[in-house]
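A short reminder: the numbers here are calculations on the coordinates, not readings from a lab. The structure displayed is predicted, hence computed values, not measured ones. Cβ coordinates were reconstructed from backbone atoms using ideal geometry, including for glycine residues, and neighbour counts include every protein chain displayed.
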Amino acid sequence: MSQRRGFDRDYLKQEFDKLDSITKKGIVLYLIGGGAMAFYGLKVATKDIDIILTNQQDLNSLHAALGEMGYMEPNPLVITEPYDEMQTNAILENKEGFRWDLFLNKVCGKLTLSAEMQNRANSLYQGSNLKVSIASKEDLFLFKGITTRDTDLDDIRILAQSGLNWETIAQECKNQSQQTGLCWEDALYQNLQDLKTKYGIEAPIEKALRKTAEQKIIEVTLLGQIEKGNNTVSGIAKAIGEAQILLEWNSKN
């Protein structure tokens, strides 16, 4: 299988210009992933761009406009498992091999583009019919910090070394967890552990994330035991102990 080439910021800008000239209705895009890092000067090139849209109409309009530009859905046989796990709403690729990954509100079936993320986003491109905003570096870090693709850990390192507002990351992670009822603090904590192990970078929010994750796991375990009818102190203590051991094991593996 041939290696896909990378595309620089100038190429992405040209594609935005083409898209702006084709689309007849205003479309608002939010750029994340490697493409966003390229515009921050943190990457030289990217093989694709990840785009979040906030409504189905914009997604349909973008899909149609890219089709007019010659983009097509790639052969399913060339979509690797990591790509399949991203749970995109659409993947479109041109003859040069440049790929658009389109998401509707939620990325990889996990984090959503919150109102706070939209407010933090920076204006990148403003055409007649196309507006592109680029997610803040903090939100790029969080999106990548929740996913598990192998290439994301190096991107996390680059973002961490560029300088970040860690409290913004922690607060958005907390907000996302509250909205979904899931413990994203644990997922982010595990990746921060990997970041420290592989690159020696320790995030200042690491301990706080671990504490929050432990508290949530204990709460969930406690409620689960009560729902099962296990109301004995020894039974609940045993279940909580097992949950804590699992968290400790995850942090080391």
Modelled label-to-label distance, K18 and Q178, 7 Å Cα→beta-carbon offset: nm? 4.4
Nitroxide proxy distance, nm - points 7 Å out along Cα→Cβ at Q56 and M69: 2.4
Could you please rank V28, V132, V44, placing first whichever residue has the fewest other Cβ atoms within 10 Å of its Cβ? V44, V28, V132
Farthest positive-ward along region 1-135 dipole, Cα basis, beta-carbon charges - from L124, I52, N89: L124
Under a point spin-label approximation (7 Å from Cα along Cα-to-Cβ), what is the N119-V44 distance to one decimal in nm? 3.9
So which of K43/K196; K144/K174; K144/K196; K106/K144; K110/K174; K13/K47 end up more than 18 Å apart, counting from Cα to Cα? K43/K196
Counting only DSSP beta bridges fully inside region 1-135, the antiparallel percentage to nearest 5 is 60
Shape call for region 1-135, from the Cα gyration tensor axes a ≥ b ≥ c (a/c under 1.5 means rounded, otherwise prolate when a/b beats b/c, else oblate), comes out rounded
